[in-house]
1. Considering Cα pairs under 8 angstrom that are at least six residues apart, work out the relative contact order of the stretch 169-317 and quote it in whole percent.
2. Tally the DSSP beta bridges in the chain and give the antiparallel ones as a percent, rounded to 5.
3. With the dipole of the chain worked out from charges on the C-beta (+1 for Lys and Arg, -1 for Asp and Glu) around the Cα centre, which of Thr284, Leu298, Leu3 lies farthest toward the positive end?
4. Could you tell me how many cubic angstrom of Cα convex hull volume the chain has per residue?
5. What size of dipole, in debye to the nearest 20, comes out for the stretch 169-317 about its Cα centre when the only charges are +1 on Lys and Arg C-beta atoms and -1 on Asp and Glu C-beta atoms?
6. Select from Phe197, Leu234, Asn264 the residue farthest towards the positive end of the dipole of the stretch 169-317; place +1 on Cβ of Lys and Arg, -1 on Cβ of Asp and Glu, and compute about the Cα centre.
7. Among the trypsin sites (Lys or Arg not before Pro) in the stretch 80-123, which ones are in a DSSP loop with at most 15 other Cβ atoms within 10 Å of the Cβ? Mind listing them?
8. Report, in whole Å, the centroid distance computed from the Cα atoms of the stretch 250-301 and the stretch 57-135.
Amino acid sequence: MALQNQFIKFEEKIRLTWNDSKLKKIREKDESIRSDIRTSFKEEGYSVKEFFQQGSYATKTTIAPLDEDYDIDVGVVIDSENAPKDPTEPKKKIKKVFENRNLKDPKIKIPCVTAQYFKKGEKHFHLDYPVYKKVNDEYFLAIGKEHSQEEQKLWEKSDPKGLLEWVKSPKKFKSQEEQAQYKRLIKYLKRWRDFSFSEGDRKKVYSIGLTVMVGESFCKSISSDGDISDIKSLKKTVNTILSEYFTFTGNDSQGNAQYEIKVNLPKRPFNDIFVKHGKTVGTTIQRKLEQLKRNLDLVIGEPNLKKQCEILSNNVFGDDFPIPEDDKKMKKFKESGYVSSPQGA
C-alpha cells in the first residue's frame, strides 16, 4: 500500500476542479463572457437557451496545467426555430465578443470559436466555445470556418451531453472504487502526456483521445480484499491501449516501425479523434506508451519505495510525483494479491 499512498498524494496534487480557488478570476471572466454572448445573440434574434460546461471540468478529470494555461470549454445552445441557416453566423458573433474584450487572436475553427487570454504577458487560459442548435432533445453542432465553402458549412448531429455521461461512467462499474481508479488513470495519463511530449506533439495528443482510450481499455486492479493498485491498473490499461489503437504501417528508411493511431468518439458524430494527425503522431504516441510500459515494469519490479517513486518522478510524471524521505526503517514494498479484469475494447 505504500506506493499506492504516493499515487493518491500525486492525484490530490495534480487534480483541479471548477470550484478551485485558483480559478476564481477565470470563473468570473467566463460568466462575463457568457453575458456578452447572450446579449449579442439576442440582438440577432436567436436567444441562448443554455450554456453548459464541456470537457474535463464537467467530468471531473481535469489536472492542473504545467504551464498555467487553463482550458475553458463551454457549449452555447440556441433554439432551432430561430437558428440561422448558416452555422458560422453565431460563431462570428462569438468571435466579435472575444475581439471586443481584447482576447488574443480569436479564431473560428471548424467545430468551435477559440481565443487566448493573457495575464501579465503570459498565457492564462484558453477558450473553446462550440455552438449548437437544439431540435427537441437532439443537438446539432455548428460546423465550418468563417470563409469555408457553403458545402462545408453545416449543422452536424452531435451528442455532447451523451459524451460527457459516457466519460463519467463509460461502463457500469461494480463499485465507486473502480470508477475512482478509472478517473485517476485519466489524470495520470494526461500528466504523463504533458511531461513526456514536446510542446508541438503534446497539442496533438488530445485529452479526449486519452480519455476515450482509458474508458474503453480500463483494467481495474482491486483485490478481493479491497487492496487497490493504481500502478498495476495503469500498466494493464496501457497494455490494452497499445494492442487496440495502433496500426503498423511499415518501416521508415532506417527500419523503424511506423504506426497510425485511430480512436473514434463513442457518441455522435462517432468521428476519429485523431483524424488530422493520426498518421503523423501515431508512431510518437506508440513509442512513448512503450516507454511508459517499460518504466512501469521497472517500478513494479523494484522493491524499494523511494527508488520506485524516483523512477515515476524522473521518467513518467515529473516533480509533482512525491518521493519519500530516506527512512532506515522503511519496509520493502510488496503488494498483496489482486484481481484485474479487463473491461475494455
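1. Values: 159 pairs, mean separation 31.5, N = 149.
Relative contact order of the stretch 169-317: 21 percent.
2. Details: 33 of 41 bridges.
In the chain, approximately 80 percent of DSSP beta bridges are antiparallel ones.
3. The Cα lying farthest towards the positive end belongs to Leu3.
4. Values: hull volume 55.7 nm³, N = 345.
Cα convex hull per residue, to the nearest whole number: 161 Å³.
5. Details: 27 positive and 17 negative charges, 94 e Å.
Roughly 460 debye, rounded to the nearest 20.
6. Asn264
7. Values: sites: Lys85, Lys91, Lys92, Lys93, Lys95, Lys96, Arg101, Lys104, Lys107, Lys109, Lys119, Lys120, Lys123; in loops: Lys85, Arg101, Lys109, Lys120.
The qualifying sites are Lys85, Arg101, Lys109, Lys120.
8. Here the two parts' Cα centres lie 28 Å apart.
Values quoted throughout were computed directly from the atomic coordinates according to the rules given, and no laboratory measurement underlies them. Everything numeric here is computed off the predicted structure, so don't read it as measured data. We place every Cβ from the backbone using ideal geometry, glycine too, and count neighbours over all the protein chains shown.
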